[in-house]
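Novice: Quick one: this structure, given as structure tokens, is what I'll be asking you about.
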Amino acid sequence: MAEEKESRLKREAPATTSYIDLPTRFDRWEPLAEVIATLVLAFATLATAWSGYQAARWGGVQSTSYSQASALRTESIRASTEAGQLAQIDIGIFTNWVNAYATENQELTQFYEERFREEFRPAFDAWIAMVPAANQDAPKSPFSMPEYKLGKMEEADRLAAEAEATFAKGVEANQISDNYILNTVILASVLFLGGIASRFKAMSARWVIIVFSLAILVFGLSNLLSYPIE
């Protein structure tokens, strides 16, 4: 009877199971994971700040270049307008000279010749030397001669070319600034991943995030090394 009672008590006793948390193969690398995660966050923070700073700097270059290009275009238009006015003066005086020459009024012809502008005179002298009255191959007027040059028109062309080059510099600076901004976003994702890595209790998941963030960090740093610095 005593044995049956003891057997019954053992069967009725609640079953107890003890669980022992055994370390996984990843847990031994937890200290190293913490170090790597800290380094990734540190480098990502510095790289993000530098990328944002350069984006702002290149944005300033873009704004300055656009402003300078606009000013140069204004100066080019002003010089071109002045060149047109000077050309009208040359045309007017030369037309009067032709009328005086046609009437064989030597005194009036000499009067107009003395009032030719210095820029017009070389073209006029070269044209007269070709004897246009008897030479059919001569240009119709001194304005078709290669010697006829307007300094203001050359200045206008120079300013226009400089404006185009300055504007192109601004476009390039804008692209570089956009590249830095995009790289800032990429590096910011490293900060996000590094921040959530520690919230995963499973070391395997934590290592996956750390390795992924490290790969993104290397990509972002390689971009920074390839971009120009302002």
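Novice: Determine, yes or no, whether Ile209 is under 18 Å from Trp50 (Cβ atoms) and buried (at least 17 other Cβ atoms within 10 Å of the Cβ).
Specialist: no
Novice: Follow-up question, since we're still on this one. Kindly provide the set of residues from segment 57-85 that are crowded, with 17+ Cβ neighbours inside 10 Å and among the hydrophobic types (A, V, I, L, M, F, W, C), ordered by number.
Specialist: Scanning segment 57-85 gives Trp58, Val61, Ala69, Leu72, Ala79, Ala83.
Novice: When you look at Gly195, is it over 30 Å from Ser67 (Cα atoms), among the small types (Gly, Ala, Ser) and touching a residue at least 60 places away in the same chain (Cβ under 8 Å), yes or no?
Specialist: On the way: over 30 Å from Ser67 (Cα atoms): yes; among the small types (Gly, Ala, Ser): yes; touching a residue at least 60 places away in the same chain (Cβ under 8 Å): yes.
So Gly195 passes the test.
Quick grid of which residues meet (1) among the small types (Gly, Ala, Ser); (2) farther than 30 Å from Asn99 by Cα:
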site: Arg121; (1), (2): no, no
site: Ala126; (1), (2): yes, no
site: Ala129; (1), (2): yes, no
site: Ala138; (1), (2): yes, no
site: Ser141; (1), (2): yes, no
site: Leu150; (1), (2): no, no
site: Phe192; (1), (2): no, yes
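Novice: Filter segment 105-150 for residues that are β-branched (Val, Ile, Thr) and either exposed (fewer than 14 other Cβ atoms within 10 Å of the Cβ) or part of a loop (DSSP other than H, G, I, E, B) (or both) and give the result.
Specialist: Ile128, Val131
Novice: Within segment 159-175, does at least one residue satisfy the condition of being at pLDDT 90 or above, more than 24 Å from Tyr66 (Cα to Cα), charged (D, E, K, R) and assigned to a helix (DSSP H, G or I)?
Specialist: no
The values are calculated or read from the model by the stated rules, or taken from the named source; none is laboratory data. Please read these numbers as outputs of a predicted model, since none were measured by experiment. Heads up, the Cβs are rebuilt from the backbone with ideal geometry, glycines too, and the neighbour counts pull from every protein chain shown.
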